[in-house]
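Here is the structure we will look at, set down as structure tokens.
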Amino acid sequence: MNGPEIHVAFDPELLLFVPRARPTGATKAATDGVSSLGHVVESLGVPLTEVGALLVDGREVPAGHVPAAGESVTVRAVEHPQRVPGAPLRFLLDVHLGTLARRLRLLGVDTAYESTDIGDPALAARSAAEQRVMLSRDRGLLRRRELWAGAFVYSTRPEEQLAYVLDRFRPELRPWSRCTACNGLLRRATKDEVADQLKGGTHRTYDVFAQCGECGRAYWKGAHHEQLVAIVEQAVAAHSERR
């Protein structure tokens, strides 16, 4: 894009996407009199999923605004909590976020997850078809127009990823209500109903079980239960503080 320039300043958290804007927090961008401000911002590296308000010379404008030479643009980060209108809040995660998917399901958050790489077009199409917020660290995927909604997951650490998603979207938490393997809903089950999944020691030691209504997987308070309880309690406590 060649032509007259505009001045573009970014909120600090967006500078991850715009190395050329460091350390001042701002850069210049060329305009062509046709391309929208949203297109210009994305061409600089920021997915629109991460953009809140766009201000031109101090007034808020839509992403479709066509910038003129000499304008000063401020790009705000998306506000927390982010509201996603039009559908129940639910998520779709790509192949790289398996641990985050399991932790969200542990908290009872409706979370679809692709354990194989099905490609960006298929992920974007599923996001749109099921009206799910796409969570990913793939900036190209988050720029796809077909997405219902999306969010960049900033950290590579599962505990930080979980804290960020819960802070950004504030989903309703229903711990222990979903299957961490398939996202199906859990129900109480008798020992006889899940006996074929129990080894001798487990069969003798445990009497309280749940079972997934979708895949049939059985759950009980096994060796890793305390670790899972810690994840749940920390998330629920932080969630309560934000309200």
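The values are calculated or read from the model by the stated rules, or taken from the named source; none is laboratory data. The shown structure was predicted, so the numbers you read here are calculated from the model rather than taken from an experiment. Don't worry about glycine lacking a Cβ; one is built from the backbone with ideal geometry, like all the others, and counts go over all protein chains shown. When the accessible area is computed, the model is the full protein with side chains, heavy atoms only, and any ligands, DNA or RNA have been set aside. Shrake-Rupley method; radii C 1.70, N 1.55, O 1.52, S 1.80 Å.
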Which condition number does residue 152 fail, the rest of (1) out of contact with any Pro (no Cβ under 7 Å at 6 or more places or on another chain); (2) surrounded by 15 or more Cβ atoms within 10 Å (Cβ to Cβ) being met?
(1)
For region 67-173, which fully contained helices (runs of 4 or more DSSP H) count at least 3 residues that are of a type in the set (Gly, Ala, Ser), at pLDDT 95 or above and out of contact with any Ser or Thr (no Cβ under 6 Å at 6 or more places or on another chain)?
120-130
Which of the residues that make up region 206-227 are surrounded by 11 or more Cβ atoms within 10 Å (Cβ to Cβ) and not in a loop (DSSP other than H, G, I, E, B)?
209, 210, 211, 212, 218, 219, 225
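Conditions tested, residue by residue: (1) surrounded by 15 or more Cβ atoms within 10 Å (Cβ to Cβ); (2) in contact with a Pro (Cβ under 8 Å, 6 or more places away or on another chain); (3) closer than 19 Å to residue 84 by Cα; (4) free of Cβ contacts under 8 Å to residues at least 40 places away in the same chain.
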site: 162; (1), (2), (3), (4): yes, no, yes, no
site: 166; (1), (2), (3), (4): yes, no, yes, no
site: 170; (1), (2), (3), (4): yes, yes, yes, no
site: 175; (1), (2), (3), (4): yes, no, no, no
site: 178; (1), (2), (3), (4): yes, no, no, no
site: 182; (1), (2), (3), (4): yes, no, no, yes
site: 188; (1), (2), (3), (4): no, no, no, yes
site: 199; (1), (2), (3), (4): no, no, no, yes
site: 204; (1), (2), (3), (4): no, no, no, yes
Quick one: count up the residues across region 133-149 that are open to solvent by less than 40 Å² (accessible area, probe 1.4 Å) and either within 16 Å of residue 112 (Cβ to Cβ) or among the aromatic types (Phe, Trp, Tyr) (or both).
7
Those residues of region 20-71 which are exposed (fewer than 13 other Cβ atoms within 10 Å of the Cβ), within 11 Å of residue 7 (Cβ to Cβ) and of a type in the set (Asp, Glu), in sequence order
57
Of the conditions (1) closer than 25 Å to residue 113 by Cα; (2) in a helix (DSSP H, G or I), residue 237 clears all except one; give me its number.
(1)
Scope region 178-195; condition at pLDDT 90 or above and within 29 Å of residue 114 (Cβ to Cβ); matching residues:
178, 179, 180, 181, 182, 183, 184, 185, 186, 187, 189
So the check is Cβ under 9 Å with 6+ separation or different chains; which pairs have a first residue in region 19-31 that's farther than 12 Å from residue 46 by Cβ and assigned to a strand (DSSP E or B) and a second one that's among the acidic types (Asp, Glu) and open to solvent by 20 Å² or more (accessible area, probe 1.4 Å)?
28/5; 30/5
In this structure, does residue 64 turn out to be in a loop (DSSP other than H, G, I, E, B), on the phi > 0 side of the Ramachandran plot and at pLDDT 95 or above?
no
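Scan region 82-130 residue by residue and report those that are at positive phi and either open to solvent by less than 60 Å² (accessible area, probe 1.4 Å) or polar (S, T, N, Q) (or both).
Across region 82-130, the qualifying residues are 108, 119.
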